[in-house]
Structures are given as structure tokens and as C-alpha cells.
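The values are calculated or read from the model by the stated rules, or taken from the named source; none is laboratory data. Since the model is a prediction, treat every value here as computed from it, not as a measurement. FYI the Cβ positions are ideal-geometry reconstructions off the backbone, even for glycines, and counts take in every protein chain you see.
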Amino acid sequence: MSPLAGANGDALTSAHQPSIDPNLNRDEWAELARTKPDLLMQALLEAIAAPNPIASGGPTVEEAFKSHLASLMPSQNQNKDAHPIPSLYSVLRTLWLPSSPSYLSLIAPRTTARGMHSEHRFLYWDPLPLVLAGIHCTACGSTLQNRGRIRSGPVKVYDLDKPFFIIGCEYVCKSASCVSGTSPEGRKFASTDASVMRGLPMRLREEFPACLLQGDSDLGPGNNVWNWHAVGVSKILWNLVKACLKVGMSKENIIHIINSIQNPTADEKREQDQDYDADSIFHPGVGHNNQVCVQPLFCPASANVATRML
């Protein structure tokens with residue numbers, strides 16, 4: 001695999017993938033969607049590449065990552081080598097690490113741990129403890145072992161709004177055949193690799209919210225991949241792009257739609273603020289007998305208050 005171009009937003013490239021012309025026209029993009037979706041993914045990542053988001057308040061995205069790594073460590077009464085089901089899954093019942101709106105980060109008490117008030121979205125993907133029968137090596141059939149969280153960094157996934165980041169785990173096969181065929185450390189996998197995903201129950205696999213650049217191959221757990229690089233897009237964004245291509249929309253218009261959602265212009269933001277101002281002309285409130293009272297912001301004291309029954 002060839003080195004990655006940039007740490008903040010550049011798409012992942014590898015030696016087996018041909019160079020993609022970012023100026024591919026509509027018909028070529030549509031053809032890639034039908035025949036070579038991984039090449040379309042690469043072209044899309046290049047077209048929408050952007051730096052990591054800057055925090056409006058609270059911790060940076062890098063600080064949030066370090067804080068999440070610490071929070072994912074097994075508790076003192078858990079066997080760290082056994083890799084039990086993370087409390088994020090068993091207690092909170094979610095794959096998403098806690099996040100907070102930027103405004104709440106701004107008003108959080110200074111004595112509160114900053115990592116608890118991150119506005120950045122992180123997903124923790126460690127499916128091995130969730131599969132009772134284990135996940136088997138695609139090369140020899142032995143059960144994979146969990147080597148824990150990948151600490152070199154997450155990978156970035158572009159979404160309709162701000163990107164989110166995936167914290168993954170390293171799995172390894174230590175069978176004699178895999179050790180002799182690879183290295184003394186065994187055959188390594190990332191928890192997001194296609195070889196791992198194929199071994200998951202369908203219901204669990206469907207919970208993964210991203211489409212990654214790797215296609216049917218494996219990117220692995222190396223720090224040339226897990227270092228903040230963009231390796232995919234959300235399923236929602238991917239489905240949007242494919243739907244636009246099916247109705248004949250040009251590449252330029254597709255990219256314009258995505259950019260308009262992710263980076264609205266100053267005029268669009270001003271129009272949104274004006275819409276909010278228009279909506280706030282009246283204050284709704286619940287009165288007696290389940291009546292909703294609507295009162296103008298500025299009205300004479302003698303003005304009647306309009307009411308209507310729910």
C-alpha cells in the first residue's frame with residue numbers, strides 16, 4: 001500500500017487502485033457506480049476532501065480522541081486480557097461515544113472534564129466481543145484474537161453534515177500457518193476490514209454506518225491508515241450520490257449539493273437566521289384547560305390574546 005497523501009482530509013490511495021481523474025463526467029461516474037463502486041468512492045473522497053472540523057467550544061477533535069481511548073479502557077474489576085463487552089455496548093446500548101452540542105461545551109463548568117463535552121462524533125467499532133462463536137480468520141479458519149484499540153488514530157468518514165470518526169480495534173490470527181505466512185505477530189486485521197465484516201451476523205453488520213474505500217479488500221490496522229485519514233462516507237451520503245446518478249444528475253451538481261449542505265454560504269446562513277426570527281414573532285405557551293396561547297412579542301397591554309383548543 002502506498003503512503004497516504006495527507007493527515008487531515010486526503011483520501012486513501014493504494015498501489016492496486018488506478019489514478020482517478022477528479023474531472024470525470026456524469027456518464028463516467030454513473031458507469032463507475034455500476035461497475036467499479038470503489039473507484040467512484042475514491043473519486044468522491046477526492047472531490048469532497050476537507051480538513052478535520054475545528055471545535056466551536058470544548059476539546060479539539062484530537063483531545064476528544066485521546067479522552068475516548070481512556071474511557072474505553074476496561075474497568076479495574078475487569079480482566080483486560082479477556083476483552084469483555086465494552087460498557088458502551090452493554091450499559092449505554094450504543095456504538096456511538098458520548099458527544100455534546102458545541103453550546104453546552106461553551107457553558108460547561110471549568111471543573112468538568114473537558115473530554116466529556118466533545119462536539120465531535122466518534123463511533124467505536126469492536127464487534128468481536130459481540131459474536132459468541134468468535135470471528136474466524138479468512139486465511140486459515142482459526143478464531144481471531146482481540147489486540148485492543150488502535151491507538152495511532154481513528155479514520156475519518158464524511159457525512160452529510162460534519163464528518164465522524166471511527167475508533168477501531170486490531171484483531172490477529174496466531175495460528176501456525178498464519179504466523180509462518182506473515183510475521184511472528186501473526187496475520188493482522190482491523191475491525192473494519194472486509195474479512196472481519198463478512199464474519200459478522202447480518203444484523204450486526206447492518207449497524208455499521210459507513211461505506212469504506214476498501215471494497216472487498218482489507219486496509220489493515222497499520223498507522224498509515226489509522227491516522228485521521230478519510231477512508232469512506234456514511235451510508236446516507238453514499239446512497240444520496242448513487243440516487244443522484246440514477247436520475248442523471250451531473251457530478252458537478254452532486255458535489256454542489258453536498259458542499260451546500262456541509263458548508264452553507266453566508267447568505268444561506270442569514271436566510272436561516274431570518275427564518276428563525278420570523279418563527280419567533282409569536283411565543284407559544286400552554287394555558288389552562290390544555291389551551292395553547294400565542295402572544296405577540298410586542299403588543300399593547302390591552303391587546304387580546306388569541307387562543308385555540310388543542
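If we scan the range 208-230, do we find a residue that is crowded, with 19+ Cβ neighbours inside 10 Å, touching a Cys at 6+ places or on another chain (Cβ under 9 Å), assigned by TED's automatic domain parsing to the domain that holds Leu69 and in a loop (DSSP other than H, G, I, E, B)? Scanning the range 208-230 turns up at least one residue that is crowded, with 19+ Cβ neighbours inside 10 Å, touching a Cys at 6+ places or on another chain (Cβ under 9 Å), assigned by TED's automatic domain parsing to the domain that holds Leu69 and in a loop (DSSP other than H, G, I, E, B).
Among the residues of the range 146-197, those identified as in a strand (DSSP E or B) and not hydrophobic (A, V, I, L, M, F, W, C) are Asn146, Arg147, Gly148, Arg149, Lys156, Tyr158, Gly168, Glu170, Tyr171, Arg187, Lys188. Taken as a whole, the range 175-190 holds at least one residue that is under 26 Å from Pro51 (Cα atoms) and either in contact with a Ser or Thr (Cβ under 7 Å, 6 or more places away or on another chain) or at pLDDT 95 or above (or both).
Among the residues making up the range 231-245, a single one is more than 30 Å from Gly153 (Cα to Cα) and touching a residue at least 24 places away in the same chain (Cβ under 8 Å): Leu245.
If you go through the range 78-86 one residue at a time, do you hit one that is surrounded by 16 or more Cβ atoms within 10 Å (Cβ to Cβ) and either under 23 Å from Pro221 (Cα atoms) or modelled with pLDDT of 90 or more (or both)? Looking through the range 78-86, at least one residue is surrounded by 16 or more Cβ atoms within 10 Å (Cβ to Cβ) and either under 23 Å from Pro221 (Cα atoms) or modelled with pLDDT of 90 or more (or both).
Considering only residues that are farther than 16 Å from Trp125 by Cβ and surrounded by fewer than 14 Cβ atoms within 10 Å (Cβ to Cβ), look in the range 172-201 and name the one that is nearest to the chain's Cα centre (by Cα). It comes out as Glu185. Within the option set Lys156, Lys162, being in contact with a His (Cβ under 9 Å, 6 or more places away or on another chain) and surrounded by 21 or more Cβ atoms within 10 Å (Cβ to Cβ) holds for one residue only, Lys156.
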